[in-house]
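Asks: What follows is a single structure, and I will ask about it in a moment.
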Amino acid sequence: MGLVENILKKIVLQNAIITMKEKLSESVYKIRLQSESIKKTQFTPGYFLRLGIGIGNDELTIKDKVRSYSVWDINQTEGYIDLAIATDSNGIGAIWTKDCKVGDDVYFKWKKGNFIVDDSADSYLMIGDLSALSHLYILNRGLLDKQVDSLVYHHNQNDFFDDINGKKPFNYYQFEENAIDKILPIVKQMETKMKGEKMVYIAGDSRVCLVLNHYLRRELKWNTNQIKTKPFWNPDKKGLE
């Protein structure tokens with residue numbers, strides 16, 4: 001293990017242990033990370049983890065040793081975090097998820113960002129693909145007594161999984177990636193039903209994020225603070241969150 005990795009482990013990253021691994025659907029795994037440091041975390045729904053999935057693998061570059069994952073759930077009393085990781089991409093993170101075992105040590109760092117819960121509006125749209133589902137779930141749980149409409153899509157409906165409370169609160173569609181020609185007409189229809197102050201969360205495929213952002217800003221004249229976007233991945237880039 002190189003000098004940079006030792007610095008990451010000892011100074012930059014926190015340590016946790018995998019205490020649960022469960023298959024949620026055909027390609028999604030639930031991974032539970034346990035750490036005393038989690039009990040002391042100042043947490044807002046929507047925070048990410050930078051996870052050192054490749055530490056110790058000398059065949060990977062430093063950039064490939066770290067991946068970001070949404071926090072699906074957190075229990076600060078017991079000191080654990082649950083992640084829901086999709087593996088159909090077969091990338092480095094997917095391989096790690098399939099291979100990791102209960103009892104393994106992992107190293108992580110918090111990434112806060114701006115794609116967090118904001119309950120200042122009256123009505124919301126939640127839009128994303130499978131990669132964003134756990135993130136949208138935790139945001140939705142933070143929007144009590146709000147009007148929420150949704151569009152979550154993936155090419156295989158068997159990959160969708162329940163939220164931690166056993167519910168499926170969203171509208172789920174079997175669409176291929178970048179199906180903007182199908183997504184946009186539905187979004188237009190949902191937007192007309194929104195009342196009061198409006199806000200939208202858009203996550204997943206960067207191409208979908210871009211088109212919907214342009215539509216809301218340029219055609220509907222929404223303010224930028226009403227539109228929350230997070231491109232989790234891009235087909236032309238590697239390692240994009």
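Where a number appears in this text, it was derived from the coordinates with a stated rule and is not lab data. The structure displayed is predicted, hence computed values, not measured ones. Using ideal geometry, Cβ is built from the backbone for each residue, glycine included, and neighbour counts are taken over all protein chains shown.
Asks: Tilt of helix 180-191 relative to the longest C-alpha principal axis of the chain, in degrees (0 to 90, nearest 10)?
Replies: Result, in degrees: 60.
Asks: Rank these for me by crowding, 48, 175, going from fewest to most other beta carbons within 10 Å.
Replies: 175, 48
Asks: Take every Cα pair under 8 Å in the chain that's 6+ residues apart, average their separations, divide by the length, and report that relative contact order as a whole percent.
Replies: 18
Asks: Once every DSSP H run of n ≥ 4 in the chain is given -39500 (n - 2.57) and the sum is divided by its residues, what mean residue ellipticity at 222 nm do you get, rounded to the nearest 500 deg cm²/dmol?
Replies: Calculated at 222 nm, the ellipticity per residue is -5000 deg cm²/dmol.
Asks: Then there's this: Towards the positive end of the charge dipole of the chain, with charges on Cβ (+1 Lys, Arg; -1 Asp, Glu), say which of 91, 29, 150 has the farthest Cα.
Replies: 150
Asks: In addition: What list do you get for 182, 111 if you sort them by fewest beta carbons within 10 Å?
Replies: Final ranking by Cβ density, sparse to dense: 182, 111.
Asks: Taking 0.36 nm per intervening residue step and subtracting the Cα-Cα distance, what contour gain separates residue 21 from residue 36 on full extension?
Replies: 3.5 nm
Asks: Which pairs, out of 146/182; 30/109; 40/168; 30/168; 109/237, put more than 28 Å between their alpha-carbon atoms?
Replies: From 146/182; 30/109; 40/168; 30/168; 109/237, over 28 Å: 40/168.
Asks: Quick check on the exposure proxy: order 126, 20, 194 from fewest to most C-beta atoms within 10 angstrom.
Replies: By the 10 Å Cβ count, ascending: 20, 194, 126.
Asks: So, one more: Nothing charged except the Cβ atoms of Lys and Arg (+1) and of Asp and Glu (-1): what's the magnitude of the dipole of segment 123-233 about its Cα centre? Round to the nearest 20 debye.
Replies: 480
Asks: How big is segment 123-233 by Rg and Dmax over its Cα atoms, in Å?
Replies: Calculated on Cα positions, Rg and Dmax stand at 13.1, 38 Å.
Asks: Related question: Taking amide H positions as placed in the peptide plane 1.01 Å from N, state which residues far from residue 153 in sequence (5 or more) or on other chains have amide H under 5 Å from it.
Replies: 128, 129, 130, 173
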